[in-house]
Every structure is written in structure tokens, then in C-alpha cells.
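The values are calculated or read from the model by the stated rules, or taken from the named source; none is laboratory data. Since the model is a prediction, treat every value here as computed from it, not as a measurement. Heads up, the Cβs are rebuilt from the backbone with ideal geometry, glycines too, and the neighbour counts pull from every protein chain shown. Only protein heavy atoms, including side chains, enter the accessible area calculation; ligands, DNA and RNA are left aside. Shrake-Rupley method; radii C 1.70, N 1.55, O 1.52, S 1.80 Å.
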Amino acid sequence: MSEPKVPAPGDTYKGWLFKWTNYIKGYQRRWFVLSNGLLSYYRTQAEMGHTCRGTINLATANISVEDSCNFVISNGGAQTYHLKANSEVERQRWITALELAKAKAVRMQAESDDSGDECSTSPPSAGQGIGARNSEVQSTLRTLGSKVEDLSTCNDLIAKHGSALQRSLSELEGVKLGGDTSDKIRQVTERATLFRITSNAMINACRDFLALAQAHSKRWQKALQAEREQRVRLEETLEQLAKQHNHLERAFRGATVLPASPSNPTADSKGSGPGKGDASDDEENEFFDACEDVQEFITIPADPKYHRSGSNVSGISSEIGMDDGTTSLDEQSLASNPESPQSQEVVPVRKRRTRIPDKPNYSLNLWSIMKNCIGKELSKIPMPVNFNEPISMLQRLSEDLEYSELLDRAAKCQTSLEQLCYVAAFTVSSYSTTVHRTGKPFNPLLGETFELDRLQESGYRSLCEQVSHHPPAAAHHVISERGWTLRQEITVASKFRGKYLSIMPLGTIHCFFEKSNNHYSWKKVTTTVHNIIVGKLWIDQSGEIDIINHRTGDRCHLKFAPYSYFSRDVARKVTGVVTDKDGKAHYVLSGTWDEKMECSRVMQSSRGGENGTEGRQKTVYQTLKPRELWRKNPLPEGAETMYYFSSLALTLNELEEGVAPTDSRRRPDQRLMEQGMWDEANAEKQRLEEKQRSVRREREREAARLANTAEEGVPQDNYKAMWFERSEDSATGEVTHIYKGGYWEAKEQSSWDACPDIF
């Protein structure tokens, strides 16, 4: 029988072995081929081209030696090969080749998993393209890294066989001349042969590595020199462009800008705006893309005469200036009222916590749980806490108040249109906390509540209650001593689609202002969690929002642009237009839902050219310089280890005295998860869910009993909320849960006897 040499790692190894078939035929001679981490066998060499009798993946296989000639390869029960070689030396050659191939297969599998995570769909980032030269260098580096790993594996094998050889030599020194001398000498000879085979494999791997390194050394030196020269040229070009930009900016400011009109070339649909790095007089023009591929409106700088005069061009009071020489929206409205939040000294009731325990690193097989959940309602899927974050949905709902100061400013505005701008900014700001928050909040238990008392810090009190379990619905009421009230009832519809999870909030949000009697209402957009099965999770917000002032008829139309891989636009973009009851535009809003929102006052509008594909005309808005309405606060230090919680979110689950026994802060499974005891939290979560199901079954039995004794039937689940009652909204006609009062009075008296026992 031929005894092939042990190849360098990565080569193909072939040879004859005896494979156990059954108790009748015993061991049968088979042709085995080891290649690319796979061990395959055939009855004859001629079968290699068409019939493979079996293949086992060494990356997940276990290799064990039974005696001098026999060894076993198994992948955990599904496949097991009992093999036998002609001699111990031949067996050891196969064992060495198999161990090298297994080490390389495991390494390649790990690299494949890492590259899969890196290449998964994610939000757009700068510099996604990689040149051919860079790709070649990366490929070479990976090859060299693979060779280094091969050298490391061979080194381990040399150390192993060298130790065995040393032991045999030591035993040989202590052996007296006699019958066992020949056996010891034979054993030492075999071990020396194994050591030589392994050393030859090491030498071959070293030779390959050295040859590859020498072949690419000069090429790398030339590439490095070329990169250095290119960097110098780019720095010189950048410096020149900066000087040109500065010169053009000064020239543009000194030039006279003509008013836009339908015949103005800048308003034509072909004027798609300067590209990056273009040096044109339209450099400061801003273009707002709609969610579709075509732009629905364009903004251009207004005529300088609007900056210098106080004429009431757009129908808004000229007291609200938006140019460089006047105050901004918030400066004007807040400075006119000495009782504004910024002029008051903030005296916190207590020092709030700034950290929670770090998130533990627990592994979990996501697919084993998700594969049976496709197409089901998320609220009906039993989920372990590994997918959660340690706050409830009621607390997540209260996070909408992260930037409540926007409503404080809105309450001080002099006009409803200006007020609508701040309400729109508040609406967008409520999504800023979700950009990194891929964890699922705890589903509240029926009757669970959450209070957020920030009366002295921020001037408001908030109360949430879970008023329905199927479908899950939460009612929320906020009252502020700074002149506004907010209420909402949100029902969440969720669908798991395999690759992504869609969360559709159903319900209307209402905001009331005492001073102006303005009543605003709007709905939320759809939240999508991508890469549920494979890749890095990321969140996108998409859809449209109409904010309506039911008293004046003013309206703000916001568009959340969905992420598109082929779009050149900024990610997470939000655009909007504020119009009066006649449809006349007064303000243009722009920004992103994870960073900031700006507002530009419209001085004049006109219809531009038609779009070539659909024949629709774009609206051209002449606007003043934009002013910032809202900017996201930076996350706390170390937020990546604390579920990416904001400063407000870190305080939501902090224990407080005097809260209701149904408050989310008292929920035991949520508390255990926050403390890092996830196994205990899972057990407690199952207990609470089973308790809730038992209470509901009892309530349904009671309802059925009453239905049998009454003339008319009653609903199966006759649960009534504790602090909210169903009522019809006079503006929208919707039947929703509205706060009926009594909670804060009960808290002052510590009267919680009527609260149910849900924990």
C-alpha cells in the first residue's frame, strides 16, 4: 500500500483505509480523500468523478485514537467512521493530516461568521467602497494570516510528538537488556518517525509562508509609497478647494439674489442642486427629497430684501424674525416670558442615578426560537428576557417626554404656526432614543401602571396604565404646570417577517395648550427592526405623519424617509411643511430623527418645472436661514454597556417610595434582569405570565356566569381600567381611554387598597 507524505496544511490528502461497515462484512477497503476540511470516501479511485459514498465535516468532528492502527471520526452521533490503517505510522500520518485540516476548517468557519456580520445590511456609512488594490492587499493579508495559523498548529503538533519522543528515550535509558528491549526500541523508532513527519510539515508550511512574503514584499513597498504620494496630493487639493470655497462664499454673500419665479432657472426641475465639491453660486441651496425617488419641493435662499424688512409676506407676524439680525423662534418666544423654564432655577427633588448594572454577555440561539414564530403576533410569542431591555413598554412610552422642553417652548409661542413647528420637533424627538435600542421592552401585565413625577425638575406628571392585554393597549396622560397636556392610547401591532420585525403603533396622540386652546393630534410611524436572524440589528423609522390643529386648521405634514441602499441622501431623513388652513406654506422643516430638526420660514413659494417621469410639478420655497429647533442630547458615558439608555431612561426603573403596588418599578422579573440575573428573571417572567392567564380565565368564567343570568350577554373579558375610562374624543370621534383622575390624590393618602395584585 502506498504511504503518501503528510501534506502542508490546505493540500489534499488521499489514501486507502479500512472502514467498518457492519458485523457481516466487517472492515472494507475504501479510498479516502481529505480536502478543504471535508473527509470523503469512495469504493474505488474511479468513483471520485461521479459517486461519493459519504462525507464528514471536520470543523464539527471529534477525532479519537483507539489502538495502534484504529481511530474514530464522529460529528456527534449523526455520522461516525470507524477506520483502520495498515500500521501505526500510517495511522499517525492520517491523524496529523486530519488535525491540521480540522484546525484550518474551524478557523475558516469563524472567519466566515465574522465576515457575514460585517457584510450584513446596515444603515449607510461613509466609505463603503473598497478599491481593487485595497481588496488585493486584504486578500494577501488573510492568506498570510492563514499561513501563520498553520505554523502555529504545526508547532503544537511538534511539541506534542517531541514530548512523546523524549518520554520514550527516557524509558529506554532505564530498560535493562532483556526481552522488552526490542519493543522499546521499536516504539522509539516509530515516535521518531512521527516527529520527522510532523517536522517536515512544519518546514513545508514555513517555506510557503516565506515564499509568499518575499513575493509580495516589493509590491507592498511600492503600494505604500504610492499611497503616501496620493495622500500628499489629496491634502494639497483639499487645501486648494477650501480656499476656493471661502472665496466663493464671500462672493456669494456680496451678490444680489433675485426672487425665484417659475421662469427662474434655479426653480427648474433640472436644477438638482450642486454635487459634493461643486463650486457654484448655488452652493448654499438646500434640497429636500421626498420619500419617493423624485423631489416634491425645493428650498432656495430668499431675496435679501426679506432679511432687511419686516413686511408680512407670508402672513405671519413680522415680530418673529428668522434672519441673522433677529432672534430665533425659541429665543423670541422664551425671552418674551420671564417665567420660561430657562429663566427658572431648577431644583431637583432628588439626585437621580446615572448608571445601571452592565448588560451581561449571554449567548442564545436566536433561530431556534424564531423559526416557529413567523407570521405570529409578537405579543403572543413567549420570549426569554435575552431579547428584552430592563424597562416595560409603559416606561418606553414615557420616554416620549425626553424632550418635554419643546412643548414648554411651544406653550409660550405667539402664533399657532410657530407652535406647530415645536410640536412637530417634539414628535420627531420621541424617536431619537430608539436609534440603538434593539432590545424589546417587557410587555406590561394587565393593570400594570407607571408614574413619572418630574413636577419640580420639568414641571410635569405622567401616568401610564395597561388597559388591555389582547390586543395590548396602554393609556398615557401627562399634565404640565407650564401650560400643556398630553394624552395617548397606543395599541401595538407587530409582525415577524423572518428577516425583519415590523412594529405598527395604532392610536392617536393628543396635545392641548391652555393659553391658546389649540388642540393637536397625530399618529406614530412604523418602526422596523432589520437583520433579526443574521447580521447586526438596526432600526429604521418610515412613514408619514399629519399633525393637525383642530382649532385653526393648521397642518404639518412630516415624511420619514425609509433607508435605501441605493439612495445618496442622508440616512434617517425627515422633512416637513407647515401650512395654514388654506394650504399656504409658512415653514419648512428638515433634519433627521436621530440628531436634530431645523425650521426655515417660507417667504415665497412657486411651482417649478415638471418631473419627467410622472409629470408632477415641484414646489420651490424661498426660505430664510434655517434655525435649529431641537438637537439630541449625547448619551451617557458607557451607554453601550447599559442597553444604550438615555439619561432619562436610566432613571425610569429606579426604586421610589410611595408609588402604586402595580408600578413597573415593582415588577420582579424586570428588576432581576436589570441586576444581571437573567436565568432567575426568565423563571419569574413565566410565573407572572401564568398568573395573569389564570386571572383572565377566572374573569372570563365570571363573565360567562353573568351572561347566563342576564337578558343580554356581556363581553368575555369585562376588565375595567383603574385610572382611565373609555370616552369619545370630541375632535376625532375616536373612543379611547381618558384619565378620570384620582391617582395622585391616592398617592398623597397612600390609599392603594383598590389596586389589584398583579405581581
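Compare the peptides 475-488, 534-547 by average per-residue count of other Cβ atoms within 10 angstrom and give them in order, highest first.
Numbers: 475-488: 20.9, 534-547: 17.1.
Highest to lowest by the protection proxy: 475-488, 534-547.
Compare the peptides 44-56, 554-566 by average per-residue count of other Cβ atoms within 10 angstrom and give them in order, highest first.
On the way: 44-56: 11.6, 554-566: 18.0.
Ranking the peptides 44-56, 554-566 by packing returns 554-566, 44-56.
Answer rounded, prolate or oblate for region 617-747, using the Cα gyration tensor with square roots of eigenvalues a ≥ b ≥ c: rounded when a/c is under 1.5, else prolate when a/b is larger than b/c, else oblate. Oblate, because a/c is 1.5 or more while a/b does not exceed b/c.
Note on residue 550 and residue 19: the extension gain reaches 182.8 nm, defined as 0.36 nm multiplied by sequence separation minus the Cα-Cα distance.
Once you have a ≥ b ≥ c as the square roots of the Cα gyration tensor eigenvalues for region 176-244, tell me rounded if a/c is under 1.5, and otherwise prolate or oblate according to whether a/b is larger than b/c. It is prolate, given that a/c is not under 1.5 and a/b is the larger ratio. Accessible surface calculations at 1.4 Å, restricted to protein heavy atoms, place region 612-700 at 47 Å² per residue.
Nonpolar atom fraction for region 484-574, defined as the carbon and sulfur part of the 1.4 Å probe accessible area, stands at 55 percent.
Here's the list of lysines a cross-link from residue 147 could span, going by alpha-carbon distance under 30 Å and ignoring same-chain residues fewer than 8 apart: 5, 14, 102, 104, 160, 218, 222, 536.
Each residue, residue 683 and residue 727, gets one label point 7 Å from its Cα in the Cβ direction; the gap between the two is 4.6 nm. Between residue 623 and residues 5 or more places away or on another chain, which pairs have amide H atoms under 5 Å apart, with H built 1.01 Å from N, and which residues are they? When sequence neighbours closer than 5 places are left aside, the close amide H contacts are 300, 302, 603.
When the listed pairs 632/747; 495/523; 720/740 are checked against a 23 Å cut-off, the alpha-carbon distance exceeds it for 632/747. Listed by chain and number, the lysines whose C-alpha is less than 28 Å from the C-alpha of residue 243, apart from same-chain residues fewer than 8 away, are 276, 625. 3J(HN,Hα) along region 87-98: 8, 5, 5, 5, 4, 5, 4, 5, 4, 4, 5, 5 Hz, from the Karplus curve 6.51 cos²θ - 1.76 cosθ + 1.60 with θ = phi - 60°, whole Hz, x for Gly and Pro. Near the amide H of residue 575, within less than 5 Å, lie the amide hydrogens of 559, 561, all on another chain or at least 5 residues away, with H placed in the peptide plane. Taking amide H as placed 1.01 Å from N in the peptide plane, the amide H of residue 492 sits under 5 Å from that of 506, each at least 5 places away or on another chain. Can you figure out the FRET efficiency of residue 752 with residue 534, using R₀ = 51 Å and their beta-carbon distance, to the nearest 0.05? The pair residue 752/residue 534 has a calculated efficiency of 0.60.
Surface composition of region 55-96: carbon and sulfur atoms hold 41% of the protein heavy-atom accessible area at a 1.4 Å probe.
With both labels modelled 7 Å from their Cα along Cα-to-Cβ, the residue 181 to residue 569 distance reads 9.2 nm.
Assuming a ≥ b ≥ c are the square roots of the Cα gyration tensor eigenvalues, decide whether region 13-60 counts as rounded (a/c under 1.5), prolate (otherwise, with a/b larger than b/c) or oblate. Numbers along the way, then the final one.
Details: a/c = 2.00, a/b = 1.36, b/c = 1.47.
Taking the square roots of the gyration eigenvalues as a ≥ b ≥ c, region 13-60 is oblate.
Note that region 54-63 has calculated 3J(HN,Hα) couplings of x, 9, 10, 8, 6, 4, 10, 9, 10, 10 Hz, one per residue in order, obtained from phi through the Karplus relation 6.51 cos²θ - 1.76 cosθ + 1.60 (θ = phi - 60°); glycine and proline are x.
Placing R0 at 45 angstrom, the Cβ-Cβ distance between residue 65 and residue 675 gives a FRET efficiency of 0.40 after rounding to 0.05.
For 584, 691, write out the residues from largest to smallest accessible area, computed with a 1.4 angstrom probe and no ligands counted. Don't skip to the end; give the middle numbers.
Details: 584 100, 691 55 Å².
Greatest to least solvent exposure: 584, 691.
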